[in-house]
Amino acid sequence: MAARPGTATPKSAATREKIMAAATSLMAERGSADFQMAEVSARCGMSKGSLYYYFSDRAELVRAVLDRAVDDLVASVERIVSTAPSAADSIAGLLDALAEATRPGGPLMLAVAGAGAGSAPVEGPRLARIVDVLEAQIERAKAEGLVRPEVNARLAAAAVAGAFLVFERVDVRA
């Protein structure tokens, strides 16, 4: 998401982060993206007019929280893959990152819920990047003999990533 006009300075970026942190905190406390902009402005110690300079409405603010959560997830996934010594370690790390990012009550899931049906879809180039990375790790696992050669890596990667966005986290290690 592009910054609104006049918000490109370090001070403006810090103010946007402060606003997003306040909104994320309200979302976590309530378990939903149901908050008023007045509550965010009060929490930030700024006027509603100042708040609206940075975010035109609640939907734009929720979308910014969602975008940041997705960006954080993509960065985490890429970091895991770059340091994993094996496909098994990489896939396990990816699954842990997806589970953490999509935990009930987490910023990503709250923002997804708050974005609503009328907003842009969650799937986009960044989330597609996660599927791409997971697909590559499944192909790596095939080469290491951990996955059957006939498995469609793209389909498996999309199914795994999609499951995290559709279902609540289930602890299969119990």
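Against the numbered list (1) of a type in the set (Phe, Trp, Tyr); (2) in contact with a Gly (Cβ under 9 Å, 6 or more places away or on another chain); (3) more than 30 Å from Phe164 (Cα to Cα), Tyr52 comes up short only at (2). Of all the listed residues (Arg68, Arg103, Arg58), the sole one being modelled with pLDDT of 90 or more and closer than 25 Å to Ser25 by Cβ is Arg58. Looking at region 1-95, the helices (runs of 4 or more DSSP H) lying wholly inside it that each contain 3 or more residues that are in contact (Cβ under 8 Å) with a residue 12 or more places away in the chain and under 30 Å from Ala153 (Cα atoms) sit at 58-83.
The residue that is nearest to Ala87 (Cα to Cα), among those in region 149-174 that are of a type in the set (D, E, K, R), modelled with pLDDT under 95 and more than 17 Å from the chain's Cα centre (by Cα), is Arg154.
The values are calculated or read from the model by the stated rules, or taken from the named source; none is laboratory data. Because the structure is predicted, anything quoted here is derived from the model rather than measured. All Cβ positions, glycine included, derive from the backbone under ideal geometry; neighbour counts span all protein chains shown.
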